[in-house]
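The values are calculated or read from the model by the stated rules, or taken from the named source; none is laboratory data. Only a predicted model underlies this, so the values are computations on that prediction, with no experimental measurement involved. Every residue, glycine among them, receives a Cβ derived from its backbone with ideal geometry; neighbour counts consider all protein chains shown. Ligands, DNA and RNA are excluded from the accessible area calculation, which covers all protein heavy atoms including side chains. Shrake-Rupley method; radii C 1.70, N 1.55, O 1.52, S 1.80 Å.
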Amino acid sequence: MDAQGLKKSLKELGFDFFTGVPCSLLGGIIRALGDDYIPSVREDTALGLAAGAYLGGRKPCVLMQNSGIGYSLNVLTSLNLIYDIPVLLMISYRGFGGKDAPEHIIMGKHCVELMEAIGISSRVCSGQDLESALAEADGQIKNGKPYAVFIREGAIS
Amino acid sequence: MIMRDAIAGLLSAVKDEYIICANGFISRDTFNAKDRPRNFYMLGSMGQASSMGLGLAIADPRKKVVVFDGDGNLLMNLGILAMIAQISPKNLIHVVLDNECYDSTGGQPTVSSSMDLSEAAKGCGIKNVVRKGPSEDIVAAFRDCLAKEGPGFLLLKVGRDPSEKTPRVNIEPPEIAARFKRS
C-alpha cells in the first residue's frame, strides 16, 4: 500500500492525531503525514501524548518500531488498558522470521505474543491487507481498546 | 511547606482548568483536597502525566491545561521538557512539586537534590520558568503563571511529611477518564 493511500485511509477513519518514534519502515508514512506528525522522544511518551489527545476529543495513532514495545508495556497496561483509553498502534515489524540485525531478533520473535499476553488484538500486515486491518482496528478503538497493526518490510511503499 | 499543603494552596487558585496529576501522593493529595471531574488522576504510568498534559493542550487549544508533576516523575521523562519547548502550547502550565524523593514508596531519594529542574526547563527553551522555595508564596506564583501565556514551568521546592498516609483515589479508572473527557 502506498503511503499517501494509507494516510487517506487513516484520515477517512477519523484518525487526527499522530505521534511516535520513527523506524525506517515507517519513513514513508511519517513523510506523508508531514506536519500532522508530532515527533516524540520515546514510545511511552508518545502513548502519553496520545492518551491526553484522546481525552481532548482526538482519535490518536502512535507509530513506532517493535523495539519500542518494551518502553510501551507499562503505559499500555497501567494507562490505556485500565482507563479504557484507545489508541491505534502502527508498529513496524523488525526481525520478522528471524532475519534482521541481532538487536531485532528476540523482539521479532515475541512481539505479537507480547501484545496477545496483555490483551491487545493485533494483525501482521504486508501490504493491501492494511486496509482490512485498519477497519478491524477501528472497531476495537470504538470500544475503547488499543489495537496493534504490525507492518512488515515493504508493506508501505 | 509540605506537598499536601502546597497542593491545597494551588487548588484554591484553580477555576475551570484541566489538571493532570502525576501518580503517587500528587494524585492522592489532589483527590483528597478537592476532587473534581476536571482532575485526571494518574494511578500508574509514572512519568507520563506531563505527556498527557501536552497531548491534551495540543488537542484542544481552548482548554487551559495544568500538570501537577513530581521530581521523580519528571526525571523519568525529562525529554518532555524539550517537546514542550518545541511545540510551545500557550495553554499549558507544568507545575513540578519537588520534594527530592519518591514519597509514596517510602521517601527514597531522587537525584533532584543535586540539580535544578527549573534550569533544565530553561535549557530546553521553555519561556516562563519560575522557581519557588518552601517558604515563598507559591499560590501567588501559580496565579501569575495561570495569567500569563504559556508554556509555563513552575518549580516548587516542597517538604515531605514522613507520616503522610493520604488515602488512595477511590474512583474506578474508566470513570476518571470518562468524566474528565465529558467535563
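List of remarks:
- Cα-centred dipole magnitude for the protein assembly as shown, charges only on beta-carbon of K, R (+1) and D, E (-1), debye, nearest 20: 660
- Per-residue accessible area (protein heavy atoms, 1.4 Å probe) orders B:Lys165, B:Lys34, B:Lys132, A:Lys142 as B:Lys165, A:Lys142, B:Lys34, B:Lys132, starting from the largest.
- Separation of the alpha carbons by more than 30 angstrom is noted, of A:Lys7/B:Lys63; B:Lys90/B:Lys157; A:Lys142/B:Lys34; B:Lys63/B:Lys165, for A:Lys142/B:Lys34; B:Lys63/B:Lys165.
- Amide H to amide H, with H built 1.01 Å from N, B:Ile2 comes under 5 Å of B:Gly159, counting only residues 5 or more places away or on other chains.
- Region A:88-157 versus region B:141-178: alpha-carbon centroid distance in Å: 36
- Taking the protein heavy atoms of the protein assembly as shown in the context of the full set of protein chains, the accessible area attributed to carbon and sulfur is 50 percent at 1.4 Å.
- Accessible surface, region B:3-182, averaged per residue in Å² (probe 1.4 Å): 39
- Global form of chain A, assessed from the alpha-carbon gyration tensor, a/c cut-off 1.5: rounded
- Here the Karplus relation 6.51 cos²θ - 1.76 cosθ + 1.60, evaluated at θ = phi - 60°, turns the backbone of region A:53-65 into coupling constants of 5, 4, 5, x, x, 8, 10, x, 9, 10, 9, 7, 7 Hz, with x for every Gly and Pro.
- 1.4 Å probe accessible area per residue over chain A, in Å²: 40
- Nearest-0.05 FRET efficiency for A:His110 and A:Glu131, computed from C-beta distance (R0 22 Å): 0.25
- Gain in span if fully extended, B:Glu17 to B:Glu164, counting 0.36 nm per residue against the direct Cα distance: 50.2 nm
- Placing unit charges on each Cβ (+1 for Lys and Arg, -1 for Asp and Glu) gives chain B a dipole about its Cα centre, and among B:Ser135, B:Thr110, B:Met42 the Cα reaching farthest toward its positive end belongs to B:Met42.
- Cα shape, region B:95-183, gyration tensor, a/c 1.5 rule: oblate
- Modelled FRET efficiency - R0 25 Å, A:Ser157 with A:Asp16, Cβ distances, 0.05 increments: 0.60
- By the helix-only formula, in which each DSSP H run with n ≥ 4 contributes -39500 (n - 2.57) and the sum is divided by residues, the protein assembly as shown has a 222 nm mean residue ellipticity of -12000 deg cm²/dmol.
- Protein accessible surface hidden between B and A, which excludes ligands and nucleic acids, total in Å², probe 1.4 Å: 2000
- List B:Arg28, B:Arg62, ordered by accessible area with a 1.4 Å probe, largest first: B:Arg62, B:Arg28
- Three-way shape call for region B:3-182 based on the alpha-carbon gyration tensor, with the a/c threshold at 1.5: rounded
- Annotation: amide H-H contacts under 5 Å for B:Leu155 (H modelled 1.01 Å from N, sequence separation of 5 or more, or interchain): B:Val96, B:Val130, B:Arg131, B:Lys132.
- Only Cα pairs under 8 Å and 6+ residues apart enter the sum, and on that basis the relative contact order of chain A stands at 26 percent.
- When the residues B:Ser45, A:Ser67, A:Ser24 are ordered by accessible surface, computed with a 1.4 Å probe over the protein chains alone, the sequence from largest down reads A:Ser24, A:Ser67, B:Ser45.
- B:Asp35 versus A:Asp2: modelled label distance in nm, points set 7 Å from Cα along the beta carbon direction: 5.5
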